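Take a look at the structure below.
The values are calculated or read from the model by the stated rules, or taken from the named source; none is laboratory data. On a predicted model such as this, the values are computed, not experimentally measured, just so you know. FYI the Cβ positions are ideal-geometry reconstructions off the backbone, even for glycines, and counts take in every protein chain you see.
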Ligand SMILES: *Cc1c(COP(=O)(O)O)cnc(C)c1O
């Protein structure tokens with residue numbers, strides 16, 4: 001038994017170094033260029049926050065930190081775990097600590113850990129008493145908090161008029177919970193060309209932060225205000241405030257077509273964003289199917305003529321949407337090649353006639369450019385009936401990420 005065990009060669013845990021899976025490439029130049037664009041838009045008075053929730057919008061937290069950490073002023077995440085991962089990465093790679101703000105809901109246990117890690121948190125409801133007690137009992141350092149005011153998204157926080165009633169007790173915990181700022185999040189800046197609703201949210205926020213400052217007897221000039229995500233930071237200048245929380249834009253993607261149009265009008269110039277991510281895959285097999293052959297589950301595609309196909313070891317498990325069945329395109333040797341039949345869990349079959357020679361391995365660009373052709377996250381989103389945010393965020397956490 002033992003000798004059998006010993007003779008098994010070790011299997012690599014990361015499947016990225018094998019040619020058997022797809023991989024993601026990140027461009028640090030693109031990160032730097034996007035940061036520069038937003039620095040210009042925001043000007044000197046506003047700090048640049050980078051949102052790295054959702055495994056950095058599917059780009060991979062670690063690779064994104066390598067490209068972005070030193071270029072932004074603040075990092076935003078959703079979970080305590082993500083914040084702890086950033087602190088671990090900073091220590092392991094000898095980077096100076098950046099401010100980190102947790103936007104999501106956390107437990108008292110997590111609040112305590114975050115106080116020790118010098119991570120700040122958003123207060124999204126009025127259950128902060130448990131946090132205060134845990135910190136007091138442990139004699140931990142104070143936790144810096146930001147009060148989330150709900151100005152019309154209907155998600156975290158409470159409306160401006162309830163802020164004092166809900167958060168007045170924070171004053172009793174001022175040694176444990178230091179109120180450093182207040183925030184809100186827009187509901188409708190991306191999908192419209194006019195910002196009426198956002199303007200009303202902004203007015204409600206200004207009321208809320210003033211009420212909070214008065215209720216807690218704080219100087220409202222010292223409270224940080226953070227309101228704008230990517231779209232608002234571009235198209236609604238008054239929302240830039242102390243810190244902008246920029247997510248999708250730093251990855252080089254636009255929140256929407258409307259935002260891109262509005263940006264030109266508001267800025268009076270084109271803002272150039274550069275997509276950071278490419279997704280590629282090497283074929284596991286290239287072969288010829290004869291005329292009349294069917295392709296894939298359900299026999300939804302039939303070859304009219306003899307067809308050169310490449311089988312790629314990538315599928316909906318990895319985040320390649322099944323909705324791209326008989327609809328999507330990939331790039332092979334600079335040519336657009338259609339997806340044939342259904343996208344499967346671990347396989348996609350592509351017509352590479354004229355783009356590849358039988359028997360050769362070929363590399364497909366699933367997302368990104370190859371020569372003069374490109375497939376953007378927006379193209380994929382349109383084919384799949386969703387938005388670019390979902391396309392990139394659903395890229396599997398298991399995929400290998402490389403710097404380009
Ligand atoms: C996700 C998120 C952002 C970033 O939004 P983008 O449109 O990606 O810039 C900012 N603030 C909050 C509260 C968020 O949840």
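Can you find, within segment 56-111, the residue that is nearest to the chain's Cα centre (by Cα) among those that are on the phi > 0 side of the Ramachandran plot and surrounded by 20 or more Cβ atoms within 10 Å (Cβ to Cβ)?
Initially, segment 56-111 is screened for residues on the phi > 0 side of the Ramachandran plot, giving 56-58, 60, 94.
Next cut, surrounded by 20 or more Cβ atoms within 10 Å (Cβ to Cβ) only: 56-58, 60.
Working: 56: 4, 57: 2, 58: 6, 60: 9 Å.
The extreme case among them is 57.
Could you list, in sequence order, the residues of segment 364-383 that are crowded, with 19+ Cβ neighbours inside 10 Å and away from the ligand (no atom under 16 Å from the Cβ)?
364, 365, 366, 367, 368, 370, 375, 380
Return yes or no: is residue 14 surrounded by fewer than 21 Cβ atoms within 10 Å (Cβ to Cβ), touching a strand residue (DSSP E or B) at 6+ places or on another chain (Cβ under 8 Å), modelled with pLDDT under 95 and assigned to a loop (DSSP other than H, G, I, E, B)?
Numbers: surrounded by fewer than 21 Cβ atoms within 10 Å (Cβ to Cβ): yes; touching a strand residue (DSSP E or B) at 6+ places or on another chain (Cβ under 8 Å): yes; modelled with pLDDT under 95: yes; assigned to a loop (DSSP other than H, G, I, E, B): yes.
Yes.
Pairs please, first residue from segment 368-381 and over 17 Å from residue 320 (Cα atoms), second anywhere and modelled with pLDDT of 95 or more and assigned to a loop (DSSP other than H, G, I, E, B), Cβ atoms under 7 Å, 6+ apart in sequence or on different chains.
Matching pairs, first to second residue: 370/334; 371/334; 372/334; 373/334.
Mind listing just one residue for me: the one in segment 114-126 that is in a helix (DSSP H, G or I) and in contact with a helix residue (DSSP H, G or I) (Cβ under 8 Å, 6 or more places away or on another chain) and, of those, surrounded by the most Cβ atoms within 10 Å (Cβ to Cβ)? Break it down into steps so the answer makes sense when it comes.
Going residue by residue through segment 114-126, those that are in a helix (DSSP H, G or I) are 114-116.
So of that shortlist, the ones also in contact with a helix residue (DSSP H, G or I) (Cβ under 8 Å, 6 or more places away or on another chain) come out as 114-115.
Details: 114: 24, 115: 22.
Among those residues, the one meeting the criterion is 114.
Residues in segment 276-286 that are part of a strand (DSSP E or B) and surrounded by fewer than 18 Cβ atoms within 10 Å (Cβ to Cβ): how many? Break it down into steps so the answer makes sense when it comes.
Step one: filter segment 276-286 for residues part of a strand (DSSP E or B), giving 277-282, 285-286.
Now narrow it down to the ones that are surrounded by fewer than 18 Cβ atoms within 10 Å (Cβ to Cβ): 285.
Summing the residues that are part of a strand (DSSP E or B) and surrounded by fewer than 18 Cβ atoms within 10 Å (Cβ to Cβ) in segment 276-286 gives 1.
Mind checking which residues of segment 81-113 are closer than 20 Å to residue 62 by Cβ and part of a helix (DSSP H, G or I)?
If the condition is that a residue be closer than 20 Å to residue 62 by Cβ and part of a helix (DSSP H, G or I), then 81, 82, 83, 84, 85, 86, 87, 88, 89, 90, 91, 92 are the ones that fit.
If you take the residues of segment 207-233 that are surrounded by fewer than 20 Cβ atoms within 10 Å (Cβ to Cβ) and assigned to a helix (DSSP H, G or I), which of them is nearest to the ligand (Cβ to nearest atom)?
If we take residues in segment 207-233 being surrounded by fewer than 20 Cβ atoms within 10 Å (Cβ to Cβ) and assigned to a helix (DSSP H, G or I), then 207 is nearest to the ligand (Cβ to nearest atom).
Is it the case that some residue within segment 52-62 is closer than 21 Å to residue 225 by Cα and either touching a residue at least 12 places away in the same chain (Cβ under 8 Å) or part of a loop (DSSP other than H, G, I, E, B) (or both)?
First, the residues of segment 52-62 that are closer than 21 Å to residue 225 by Cα: 52-53.
Imposing the further condition that a residue be either touching a residue at least 12 places away in the same chain (Cβ under 8 Å) or part of a loop (DSSP other than H, G, I, E, B) (or both) reduces the set to 52-53.
Yes; the residues of segment 52-62 include at least one that is closer than 21 Å to residue 225 by Cα and either touching a residue at least 12 places away in the same chain (Cβ under 8 Å) or part of a loop (DSSP other than H, G, I, E, B) (or both).
Since residue 251 meets every condition but one in (1) at pLDDT below 95; (2) touching a strand residue (DSSP E or B) at 6+ places or on another chain (Cβ under 8 Å); (3) within 16 Å of the ligand (Cβ to nearest atom), which condition does it not meet?
Evaluating residue 251 over (1) at pLDDT below 95; (2) touching a strand residue (DSSP E or B) at 6+ places or on another chain (Cβ under 8 Å); (3) within 16 Å of the ligand (Cβ to nearest atom) leaves (1) as the failure.
Looking at 265, 289, 273, which is the one that is away from the ligand (no atom under 16 Å from the Cβ), over 29 Å from residue 351 (Cβ atoms) and either over 12 Å from the mean Cα position of the chain (by Cα) or surrounded by 23 or more Cβ atoms within 10 Å (Cβ to Cβ) (or both)?
From the options 265, 289, 273, the qualifying one is 265.
Which residues, taken from segment 153-197, are in contact with a helix residue (DSSP H, G or I) (Cβ under 7 Å, 6 or more places away or on another chain), within 13 Å of the ligand (Cβ to nearest atom) and outside any strand (DSSP E or B)?
Result: 184, 186, 187, 188, 189, 190, 191.
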